[in-house]
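Worksheet for the structure shown next.
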Amino acid sequence: MQEERLVWIFGSSRSGSTWLLRMLAELDGVVPIDDPHLGHHLGVWRPLPLAWAIGEEPPQLTTLLDLKAAEPGYFFAERYRDAWWEPLRELIRARFEAQADAEAGPSPTFVVKEPGSHAAPLLAELFPASKLIFLLRDGRDVVDSWLDAYREGSWAIPGGAFPVTRQGRVALIRWLAAVWAYRVRAVERAFASRPEQDRIMIRYEELRRRTPQLLEQICAAFDLPCGRCEEVAARFRFEQAPPARRGSGRAIRSARPGSWRENLSRAEQAILEEELGETLEEFGYERELAPGARTVAG
């Protein structure tokens, strides 16, 4: 794998990253790597999500990688970085190469959709010549989408989610909000570490409006074939998915920015404003509490 042909899709989960990866996978010479979950292994959350349900105050979210870096017994201790850095690079490289299709050609582009993007700074440092797509979506829509996934019979249950009770929604909202804020700030740091020619920021809301144009921008930035962007964008539009495969409880849910205004109660919106207001503003989203929202949580 040529490091300069490695492209990361970083951001928060439920931000359209699967949609973007599927479109890029249609281009010649692209090897798609979907959800390797490197960040969830390298950036284990601390404290556990349970803390948002039983603590007196919402805790400060961080990872073992940050908490334990100075402890010599920790496997990824900074003191022993020289011992684990190159082996970790080679492990990741070998694993991605094992997934490459023989028909991908002699120098394919590996496009990796990494849901554990809170480890983006480490992964970007491990592969300094790699490219980076920062896919950003309004955190309120992200939380709303995940809340839909934490319900009986949803697409996410087999992968480790669980049906949340009505009483548990507030704690889950606070936890999901903390995760979104942590991740977008982590990706921003990784993004800032890259020269302009090796990075691109895409807002989900704009990708939804101008899909072929933004696909062309990505292709131009990272030397990917872009002759089929119009066709690919049309084929992967939300409206093209069969009705039985989209909607509430499904991975392809609504593709409608701002739907959190109708789906979340006024009380839940107030919690998100409290948890995310400053971060939303920092990343260019307008702070608001929709006056027409439902008044009963759930």
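The values are calculated or read from the model by the stated rules, or taken from the named source; none is laboratory data. Keep in mind that what you see is a predicted model, and the values were worked out from it rather than measured. Reconstructed Cβ throughout: ideal geometry from the backbone, glycine too, with neighbour counts over all protein chains shown. In case anyone asks, the SASA skips ligands and DNA or RNA and just uses the protein heavy atoms, side chains included. Shrake-Rupley method; radii C 1.70, N 1.55, O 1.52, S 1.80 Å.
Return the long-range amide H neighbours of THR63 (sequence gap of 5 or more, or a different chain), with a cut-off of under 5 Å between placed amide H atoms.
Correct list: ARG46.
Around TYR150, with a cut-off of 15 angstrom between Cβ atoms, what is the net charge of the other residues, counting Lys and Arg +1 and Asp and Glu -1?
Summing Lys and Arg as +1 and Asp and Glu as -1 gives +3.
How far is it, in nm, from the label point at ARG246 to the one at GLN217 when both lie 7 Å from their Cα along the line to the Cβ?
Each label point lies 7 Å from its Cα, and together they span 2.3 nm.
Pairs of Cα atoms under 8 Å, at least six residues apart: use those to get the relative contact order of the chain, whole percent.
Relative contact order comes out at 24 percent.
Which of the listed residues, LEU132, PRO158, PRO87, is farthest toward the dipole's positive end in segment 81-198, when Lys, Arg count +1 and Asp, Glu count -1 at the beta-carbon?
Toward the positive end, the furthest listed residue is PRO158.
How charged is the neighbourhood of ILE133? Take every other residue with its Cβ under 11 Å from the Cβ of ILE133, and add Lys/Arg as +1 and Asp/Glu as -1.
Summing Lys and Arg as +1 and Asp and Glu as -1 gives +2.
Measure off, as a whole percent, the carbon and sulfur share of the 1.4 Å-probe accessible area of the chain, all protein chains present.
Roughly 52 percent of what the probe reaches on the chain is carbon or sulfur.
Can you list residues from other chains, or at least 5 along the same chain, whose modelled amide H is less than 5 Å from the amide H of ILE202?
PHE134, LEU135, LEU136
Loop only by DSSP, 13 or fewer other Cβ within 10 Å of the Cβ. Give me the GluC sites (Glu not before Pro) in segment 1-67 that pass, ordered by residue number.
GLU56
Accessible area per residue for segment 164-298 in Å², computed with a 1.4 Å probe and the full protein assembly in place, what is it?
51
Please state the charge dipole magnitude for the chain, taken about the Cα centre, from unit charges on C-beta atoms (+1 on K and R, -1 on D and E), reported in debye and rounded to the nearest 20.
The calculated dipole for the chain is roughly 840 debye.
For GLU78, what is the net charge nearby, where nearby means another residue's Cβ is under 14 Å from its Cβ and Lys, Arg count +1, Asp, Glu -1?
-1
May I ask you to work out the translational diffusion coefficient for segment 27-75 at 25 °C, viscosity 0.890 mPa s, via Stokes-Einstein with Rh from the Kirkwood sum over Cα pairs, reported in whole µm²/s?
D, rounded to a whole number, is 181 µm²/s.
Show me the chymotrypsin sites (Phe, Trp or Tyr not before Pro) within segment 8-99 that DSSP assigns to loop and that have at most 14 other Cβ atoms within 10 Å of their Cβ.
PHE75
I want to verify a result. In a Gaussian network model of the chain, Cα cutoff 10 Å, which of these has the top mean-square fluctuation: GLY105, GLY55, GLY139?
In the Gaussian network model the winner is GLY55.
For segment 1-116, with every protein chain kept in place, what is the accessible area per residue (1.4 Å probe, Å²)?
About 52 Å² of surface per residue is accessible.
Just to be sure I understand, if you calculate Cα extents along the principal axes in Å for this structure, which of (1) 58, 53, 35; (2) 49, 44, 43; (3) 55, 38, 37 do you get?
Given (1) 58, 53, 35; (2) 49, 44, 43; (3) 55, 38, 37, the calculated one carries the label (1).
Please give the FRET efficiency for HIS40 paired with GLU97, using the beta carbon to beta carbon distance and R0 = 25 Å, rounded to the nearest 0.05.
So, using R0 = 25 Å, E works out to roughly 0.70.
What length, rounded to one decimal in nm, is gained on full extension from GLU71 through to GLU56, with 0.36 nm per residue of separation minus their alpha-carbon distance?
2.6 nm
Out of the chymotrypsin sites (Phe, Trp or Tyr not before Pro) in segment 113-209, which ones are loop residues according to DSSP with at most 16 other C-beta atoms within 10 Å?
TRP155
Using heavy-atom solvent-accessible surface (probe 1.4 Å) with all chains present, what is the largest-first order of MET1, MET23?
Greatest to least solvent exposure: MET1, MET23.
Per the Kirkwood formula on distinct C-alpha pairs, the Rh of segment 46-118 is how many angstrom?
Its Kirkwood hydrodynamic radius stands at 15.8 Å.
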